[in-house]
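As structure tokens, the structure follows; a few thoughts come after it.
The values are calculated or read from the model by the stated rules, or taken from the named source; none is laboratory data. Since the structure is predicted, the reported quantities are computational estimates derived from the model, not experimental observations. Glycine also receives a Cβ, built like all others from the backbone with ideal geometry; neighbour counts cover every protein chain displayed.
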Amino acid sequence: MNFLHHPWGIAAALAYLMILIALYAASRKHAWLKKLYGKGANIASFAIVLVFMIAFGIEPKLDINHRWYFIVALLFLTTSLGLATIENIHHFRNHRPGVVLAHLSVLLILVAGLFGSGDKRCVEVSCEEGVPTNLGVDEFDASSTKLPFEITLHDFTAVEKGDRPQYTSDVTITRMDGTTKTTSIRVNHPARTGSWRIYQYSFGAAESGRSVSVFSCVKDPWAPFITVCLWMLMASAILAAFQFGGKDRTEKEEDRP
């Protein structure tokens, strides 16, 4: 939902969570609402999203991230999982804490993905060697975008390492306050400045013969929140392993004569 920019994304996420709580409360009086978070709905919603993801993997040009039907499928999955998570929390004593924490973590990741996408910026910048630039093209709507920093490319090198070439751009990043940072940008090793990450995206040559590096500059304010959720998910896996392990040992001890 790229139209939800700050602070509307956060407001919409909170409103959505309140709607989930209201739906769960209403399901106690209207039994048909329980079908929204029953096993059938959980399996169906996951299967639909999985089919879309497989289709996207086979044909990336579909760009399902901006298709309304994929967003509806994600909302269906998130709603079903969200209601099930609320039910687990409401009846916490009847569920293992590791499972509840896992469901909560995945729910928050989905909510952040749905309502935080509008705050994410991806800007493609072409830097000619020796020429500072802070202009790029927004990868979403192809509009011209001015970045809050300049990138100066000093050198671009391609080194063969085994069967894989390693592309490296030596750059200086100058922020609006005048502070500078000299660093190297490699594939899967982005540079950071403020809340932006700068990735090596492509390369080429200018008409002058000088090297050109193409960078993908990404700003995602929700990334720290998602990182916390991923740590929560990891903690839930560890907690579940201890719980299941402890249960197995207890059952074995009870089975002994």
Discussion item. Test of understanding: among SER169, SER211, SER236, which residue is crowded, with 17+ Cβ neighbours inside 10 Å and not assigned by TED's automatic domain parsing to the domain that holds GLY136?
Written reply: SER236
Discussion item. Yes or no: segment 132-155 includes at least one residue that is part of a strand (DSSP E or B) and free of Cβ contacts under 8 Å to residues at least 12 places away in the same chain.
Written reply: yes
Worksheet item: Hey, ILE198 hits all of (1) touching a Gly at 6+ places or on another chain (Cβ under 6 Å); (2) modelled with pLDDT of 95 or more but one; which does it fall short on?
Response: (1)
Worksheet item: Among LEU239, LEU230, which is modelled with pLDDT of 90 or more and either touching an Asp or Glu at 6+ places or on another chain (Cβ under 6 Å) or assigned to a helix (DSSP H, G or I) (or both)?
Response: LEU230
Worksheet, complete the sentence: Counting only residues that are in contact with a strand residue (DSSP E or B) (Cβ under 6 Å, 6 or more places away or on another chain) and either assigned to a loop (DSSP other than H, G, I, E, B) or at pLDDT below 90 (or both), segment 206-226 contains a total of 2
Discussion item. Looking at (1) in contact (Cβ under 8 Å) with a residue 12 or more places away in the chain; (2) in a helix (DSSP H, G or I); (3) exposed (fewer than 13 other Cβ atoms within 10 Å of the Cβ), which one does HIS6 not meet, given that it meets all the others?
Written reply: (2)
Worksheet item: Could we say that THR193 is over 14 Å from SER126 (Cα atoms), β-branched (Val, Ile, Thr) and at pLDDT below 95 here?
Response: yes
Worksheet item: Right, ILE54: assigned by TED's automatic domain parsing to the domain that holds VAL72, in a helix (DSSP H, G or I) and within 24 Å of the chain's Cα centre (by Cα) or not?
Response: yes
Worksheet item: What is the one condition in (1) surrounded by 18 or more Cβ atoms within 10 Å (Cβ to Cβ); (2) within 18 Å of LYS219 (Cβ to Cβ); (3) without any contact (Cβ under 8 Å) to a residue 60 or more places away in the chain that SER195 does not satisfy?
Response: (1)
Discussion item. Just to be sure I understand, how many residues within segment 128-156 are surrounded by fewer than 12 Cβ atoms within 10 Å (Cβ to Cβ), closer than 25 Å to SER208 by Cα and hydroxyl-bearing (Ser, Thr, Tyr)?
Written reply: 1
